[in-house]
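Structure, as structure tokens:
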Amino acid sequence: MDPSLPNPYQAPADIEPPADESQVSDRSATRGARLGAAMIDGVISIVIVFPVQYWAGVYDDFPNMKPQPFPRSLLWSLAGVAVWLAIHGVFLARSAQTVGKKAVGIQIVMAHDGKPASFSRLVLWRFLPTMLAPQIPGVGPFLSCADILFIFRKDRRCLHDHVAGTRVIALDPAVGVS
């Protein structure tokens, strides 16, 4: 076999290139750094929201856990958004980072120019849709799953990154970049 010929058994390359290859390839945060930041943010939220839900009686019928009626589920989702904003709002407004992103040294920037994303862009286009999409009966969980699975594309941008026109970068090139 001629070594100059392409390997017919090689996996295909990504079809869709990132928005701006020159900026994405050298500073995109790793999937692990993004996962770590999400876990930190999630634990902080759970520590605050779970006791409030317990006090409000959400878990009173725990062994039989029936799905919550839509209005109650929506109410708890909105409460979750309020708590999330109370925890992360100041960080988002100052540096386009959540507590978890700040802890692992990554930041949300605009995909087209690499500048930190605005607070309104982050809340209205990036976070609010990801918090409300799971509440859509029937398709919500699938939308959430699709959102997360987009991270495995070459550009490492989730669906919510594409919707908002953002990407997540490592602030220190030696940390969180592959």
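The values are calculated or read from the model by the stated rules, or taken from the named source; none is laboratory data. Since we're looking at a predicted model, the values are computed, not measured. All Cβ positions, glycine included, derive from the backbone under ideal geometry; neighbour counts span all protein chains shown.
Figure legend. Inter-residue proximity from the stretch 150-164: first residues more than 15 Å from L128 (Cβ to Cβ), second residues surrounded by fewer than 20 Cβ atoms within 10 Å (Cβ to Cβ) and charged (D, E, K, R), beta-carbon distance below 7 Å, spacing 6+ or different chains. Indicated pairs: I151/R31; R153/D14; K154/D14; R156/R31. Filtered by the rule that a residue be in contact (Cβ under 8 Å) with a residue 60 or more places away in the chain and surrounded by fewer than 16 Cβ atoms within 10 Å (Cβ to Cβ), the stretch 80-112 gives A103, H112.
For the structure I just gave you, tell me whether P134 is of a type outside the set (F, W, Y), exposed (fewer than 13 other Cβ atoms within 10 Å of the Cβ) and either under 20 Å from F50 (Cβ atoms) or over 17 Å from the mean Cα position of the chain (by Cα) (or both). Judged against the criteria, P134 is not a match. Annotation note: of S28, S45, S77, S22, the sole residue that is among the hydroxyl-bearing types (S, T, Y) and at pLDDT 90 or above is S28. Residues of the stretch 33-79 that are exposed (fewer than 14 other Cβ atoms within 10 Å of the Cβ) and acidic (D, E): D60, D61.
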